[in-house]
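Here, each number is a calculation from the coordinates, and none is a lab measurement. Computed from a prediction, not measured in an experiment: that's the story for all the values here. So basically every Cβ, Gly included, is an ideal-geometry build from the backbone, and we count neighbours across all protein chains shown.
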Amino acid sequence: MAREAAAGFDNAGGMGGQPVLDRLVALLDLEKIEENIFRGVSPAHSPVRVFGGQVAGQALVAAGRTVPEERKVHSLHAYFIRGGDPSVPIVYEVDRIRDGRSFTTRRVVGIQHGKAIFSLSASFQKDEGGIEHSEAMPDVPDPESLPTLQERAEGYFMGHLDRPRPIDLRYVNDPPWVTRKSGDRPARNQVWMRADGKLPDQQLLHVCVLTYASDMTLLDSVLARHGVYWDLDKVLGASLDHALWFHRPFRADEWFLYDSASPTASGARGLATGRFFSADGTHIATVVQEGLLRVV
């Protein structure tokens, strides 16, 4: 799937806010066309390929609509097989792999032009008690004290940042387009995020919005290690696979910290890992992604 550059929405309604978020919610509200078969669309004005976070979020919606509401998704594993065509709908076929006493497993395939473009496996679990521990959240500034994405990008020509966004995004450390110029090579990338408006009280929707956001900025942690960045250098990239684990309840319209790093890159691929923390320091989710990264 296309990198974060493809996360654009229609230009109406400004750079963000409730109207843009409402359009994301509408994108995630799939049409049921048959039992276990759903259809999703892309924004009216999209770049050449579908944004990976969009198709992952839509596939998770499709899976979740075949599962009892009391069972919550705790993990997903996905592969981006082909670039998605934003001009035609995506059909999502759900396979009900297993309905056990505690866990439910679903497999989803996204199809366009008769071919699979995306596959996802997701596991859901009923609420259970158990042992508890987690790592502490990094010590970072309050998100409201940080400049907006548009303020950070001022003076830089990057087309993928000049689009309406449903996610309010605030970099904690200098963004990679700044460190690229300064010569710094940061080991971590830290960003505060939240849905830019109010979301309905539907837990699956909040999980799907975080899934959408998890494909934003993650590969920055790879590029920043090498002083290159989308639009400013000849970088060709795409998500290859994506895994998410959801640990604790959260709201995606409240601030969460996205702390990511890249342990390795080789073979024109970069690996990135990330942790999500709510504003009170609760570890809410963990992500791992490998991306295709060709620097030419």
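Which longest uninterrupted range of the chain lacks any GluC sites (Glu not before Pro) assigned by DSSP to a loop state (not H, G, I, E or B) and surrounded by at most 12 other Cβ atoms within 10 Å? Mind showing how you got there, number by number?
Details: sites that count: 35, 69, 70, 128, 132, 135, 154.
Segment 155-296 is the longest.
The stretch 39-112 and the stretch 181-217 have Cα centres lying 19 Å from one another. Remark on residue 81: its backbone amide H falls under 5 Å from those of 118, 119, a criterion applied only to residues 5 or more positions apart or on other chains, H modelled at 1.01 Å from N. In terms of its alpha-carbon gyration tensor, the stretch 43-187 comes out oblate; a/c meets the 1.5 threshold, while b/c is at least as large as a/b. Approximating the spin labels as points 7 Å out from Cα along Cα→Cβ, the residue 75-to-residue 236 distance works out to 3.4 nm. In the stretch 48-93, taking the dipole from charged Cβ atoms about the Cα centre, the farthest positive-side position among 84, 68, 58 is held by 84. Phi-derived couplings, Karplus 6.51 cos²θ - 1.76 cosθ + 1.60 at θ = phi - 60°, listed residue by residue for the stretch 266-271: 6, x, 6, 10, x, 9 Hz, with x used for Gly and Pro.
For Kirkwood radius over Cα pairs in Å, computed directly from the structure shown, the correct entry in [x] 19.3; [y] 23.2; [z] 19.8 is [x]. For the stretch 220-229, the Karplus equation 6.51 cos²θ - 1.76 cosθ + 1.60, evaluated at θ = phi - 60°, returns couplings of 4, 5, 7, 5, 4, 5, 10, x, 10, 7 Hz by residue, with Gly and Pro reported as x.
Along the stretch 246-263 the Karplus relation, 6.51 cos²θ - 1.76 cosθ + 1.60 evaluated at θ = phi - 60°, assigns HN-Hα couplings of 9, 9, 8, x, 6, 10, 7, 9, 10, 4, 9, 8, 10, 10, 10, 8, 10, x Hz to successive residues, with x for each Gly and Pro. Note on the chain: lysine pairs with Cα distance below 24 Å, sequence gap of 8 or more or different chains, count 5. Axis of helix 203-213 versus longest Cα principal axis of the chain: the two differ by about 40°, to the nearest ten degrees.
Can you tell me the orientation of helix 18-28 relative to the chain, as the angle in degrees between its alpha-carbon axis and the longest Cα principal axis, to the nearest 10? Long axis of 18-28 versus the principal axis of the chain: about 50 degrees.
Overall shape: prolate for the stretch 220-296, with the ratio a/c of the largest to smallest alpha carbon gyration tensor axis at 1.5 or above and a/b above b/c.
If you sort the three axes of the alpha carbon gyration tensor as a ≥ b ≥ c, you get a/c of 1.5 or more for the stretch 99-159 and a/b no higher than b/c, which makes it oblate. With the simple spin-label model, which puts each label point 7 Å out from Cα in the Cβ direction, the residue 280 to residue 202 separation comes to 2.6 nm.
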